[in-house]
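Every number in this text was worked out from the coordinates using simple rules, so none of it is lab data. Given the structure is predicted, the values throughout are model-derived calculations rather than measurements. Heads up, the Cβs are rebuilt from the backbone with ideal geometry, glycines too, and the neighbour counts pull from every protein chain shown.
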Amino acid sequence: MMEHAPLDKRFSVLGTTSQTIAFAVLAVILVTAPFFTYPLFLMECMCFGLFALAFNLLVGYVGLLSFGHALYFGWASYLSAEAAKNWGLSPELAILVGTATAALCGLVAGALAIRRQGIYFAMITLALAQMMYFVALRAKFTGGEDGIQAVPRGHLFGVIDISSNAAMYVVVLVIFLGGFLLIHRIIHSPFGEVLKAIRENEPRAISLGYKTDRYKLMAFVLSATLAGLAGATKALVVQIASLTDVYWPMSGEVVLMTLVGGLGTVFGPIVGAFVILTMQYKLAWIGQWVLVIQGVIFVVCVLLFRRGIVGEIAHRLRIKL
Amino acid sequence: MVTIFGVPTMALFGQLLIGLINGSFYALLSLGLAVIFGMLNIINFAHGAQYMLGAVAAYLLLNILGIGYWPALILAPLIVGAIGIVIERLFLQWLYKLDHLYGLLLTFGLALIIEGVGRNYLGTAGLPYTLPDSLRGGNNLGFMYLPNYRAWVIGVSLVVCFGTWFAIERTKLGAYLRAATENPTLVRAFGINVPRMITLTYGFGAALAAFAGVMAAPIYNVSPNMGSELIIVVFAVVVIGGMGSILGAILSGFGLGIIEGLTKVFYPEASNTVIFVVMAIVLLVRPAGLFGRGA
């Protein structure tokens, strides 16, 4: 069906001029930032940024709110940690194993969830994620409450030692920018145009002859896979895979990041991830109140700030970001 | 010892009883979700938090003001219902014209706030709630031992569930409610104050959750996170039953409680996940849900 998609708009790899400039700024920031702040923090920001970008692919461009993305993030992180630590795989293969796990989970969960729409879709994804949380809690290899600890970063392609933060930073940067460009390419491809058509008016897309279920499932699997890529990478960055990453608050957190940054914007999820993680680090001392603050941000964003940070900037400047 | 399929009858009926108890809570909560969804078109993520608030209110009433179980059974739902009304007026009323998803996100935020405040003041460990003397003890039925309190919970849940069903399906007020669900503009044209009905519906839903919370307090411990895990299971129950029918919500609540109880007997490893597995199977076989009317 791809050839029927609207092709009148020609896109460069990076879309509009404003997006090209924003991407250049982002790349410069990420290359220079480790000289000014903690590389480990930046790597986490990139992992969560990629996670939020993957989530946004589904909610922002197909209009499907998944409330269970922790499943793909967390399970990819478990399998990546297991492969690196106990199967003795090199880091790129470990990440591949984790990502493939997420893709498989996404295929099964997606096929079930797209059978219902709207609010039910959110509840189904949440319920399936909770099921896999219990599986993770019970499974032997996940180490239960302890998680998989002391995951070795190993040697990239069996040769390059990436145990130092500097080397790991380069790896994460490449994965992050690669993931970003891939998502950007998907959004601006004819396939992405069909996804947006489904978001705007699904019955009309069906009447035009698109098998919307296939498109939705494909988008779901892509989103889960990229969320898995983020989770698998994160396991090597922080060298631990734990229950936190598969539990429901993690699903809520990625929703929050995307909402704060701007639903359906290209750069919003990255900004949102950075803002939320910074907040968590700065406010670590107030303990449980972080939960309350996150709740307040949710409420404020939904009532007064639905465009999010990047969406608001883009709206004011009348550009696409 | 008498056994069925190699399982002692005592254990079997004991787990069935626990299943029925859990089922009572699933039914009460999914009923509230369905009623709220019908009127407000919002999935109330804060439902679990309101259930927890009911239990906490009962705990505080007892331990600070010395007000016992019976008054708390009325007072706690009234308090939480009032909070619900404030929530609807302050926040939810601005969302009705937006995509449904915003209602989910906002109530999720409210749930985080309520749970976070609870954790700060009550800690994460469970607090015990003592049973009223009048409901202690139990009877030996010959094939099993039936504690009085558990029998009471099941009985009351059934009465409340069918009372709600009757009020909505068989009374004049319920007819207004159903009409307002179908076509609010037309109902307003007849001079009925629909916005007030919506507010009261949300208050009623919150109160129903709090009522379940008070009843749960003596069985499970009172803890700030007692609601969040439960609400996810209730979501699965709602997906299975479909929110189109009140009776469907009640039946699937009790039914799934029993299935969960039986799983604990025959295959305990799967007892946490069985409801989600049932949900997956229902989605494959009957995507609209067992009692649903379309997606």
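The range B:137-205 and the range A:107-148 have Cα centres lying 31 Å from one another.
Comparing A:A111, A:A70, A:A52 in a Gaussian network model of chain A where C-alpha atoms under 10 Å apart are linked, the largest mean-square fluctuation is found at A:A111.
Note on A:K196, A:K234, A:K282, B:K97: ascending count of other Cβ atoms within 10 Å places them as B:K97, A:K282, A:K196, A:K234, the fewest first.
In this simple spin-label model, placing a label point 7 Å from the Cα along the Cα-to-Cβ direction at both B:V277 and A:E312 gives a separation of 4.8 nm. Can you give me the relative contact order of the range A:2-246 as a percent, contacts being Cα pairs under 8 Å and 6 or more apart? Value for the range A:2-246: 40 percent.
When only Cα pairs below 8 angstrom with a gap of at least 6 residues are kept, chain B shows a relative contact order of 38 percent.
The charge dipole of the protein assembly as shown, taken about its Cα centre with unit charges on the Cβ atoms of Lys, Arg (+1), Asp and Glu (-1) only, comes to about 1200 debye.
In this calculation the C-beta distance from A:Y38 to B:E269 is compared with R0 = 60 Å, giving a FRET efficiency of 0.90.
Our analysis of the range A:2-246 gives Rg over Rh at 1.00, with the two radii drawn from alpha carbon positions and Rh computed by the Kirkwood formula.
Listed values for the range B:183-196 are Karplus-derived 3J(HN,Hα) couplings in whole Hz (6.51 cos²θ - 1.76 cosθ + 1.60, θ = phi - 60°), namely 8, x, 4, 5, 5, 5, 4, 7, x, 9, 6, 5, x, 5, and x replaces Gly and Pro. In a simple Cβ point-charge model (Lys, Arg +1; Asp, Glu -1; nothing else charged), the range A:2-246 has a dipole of about 500 debye relative to its Cα centre.
With Cα atoms defining each centre, the range A:203-242 and the range A:162-194 are spaced 14 Å apart in the structure.
For the protein assembly as shown, the tally of Lys pairs with Cα-Cα distances below 25 Å comes to 14, considering only residues 8 or more apart or on different chains.
In this structure, A:S164 and B:W94 have a Cβ-Cβ separation that, at R0 = 45 Å, corresponds to a calculated FRET efficiency of about 0.30. For the range B:117-183, trypsin sites (Lys or Arg not before Pro) meeting the loop criterion (DSSP other than H, G, I, E, B) and having at most 13 other Cβ atoms within 10 Å: B:R136.
Ordered by the count of other Cβ atoms within 10 Å of each Cβ, fewest first, A:H188, A:H69, A:H315, B:H47 give A:H315, A:H188, B:H47, A:H69.
Across the protein assembly as shown, Cα-Cα distances exceeding 31 Å account for 53% of all pairs. With the simple model of a label 7 Å out from the Cα in the direction of the Cβ, A:E145 to B:L247 spans 4.7 nm.
For B:I64, A:I293, the sequence from fewest to most other C-beta atoms within 10 Å is B:I64, A:I293. Ordering A:C47, A:S80, A:Q117 by the projection of their Cα atoms onto the charge dipole of chain A, which places +1 on the Cβ of Lys and Arg and -1 on the Cβ of Asp and Glu, puts A:Q117 at the extreme positive end. The GluC sites (Glu not before Pro) of the range A:137-234 meeting both criteria, a DSSP state outside H, G, I, E and B (loop) and at most 16 other C-beta atoms within 10 angstrom of the site's C-beta, are A:E145. For chain A, the membrane-span-like helix rule (DSSP H, alpha carbon extent of at least 24 Å along the helix axis, mean Kyte-Doolittle at least 1.6) picks out A:39-61, A:91-113, A:165-187; this says nothing about an actual membrane.
Counting only alpha carbon atoms, the long axis of helix B:47-64 and the longest principal axis of chain B meet at about 70°.
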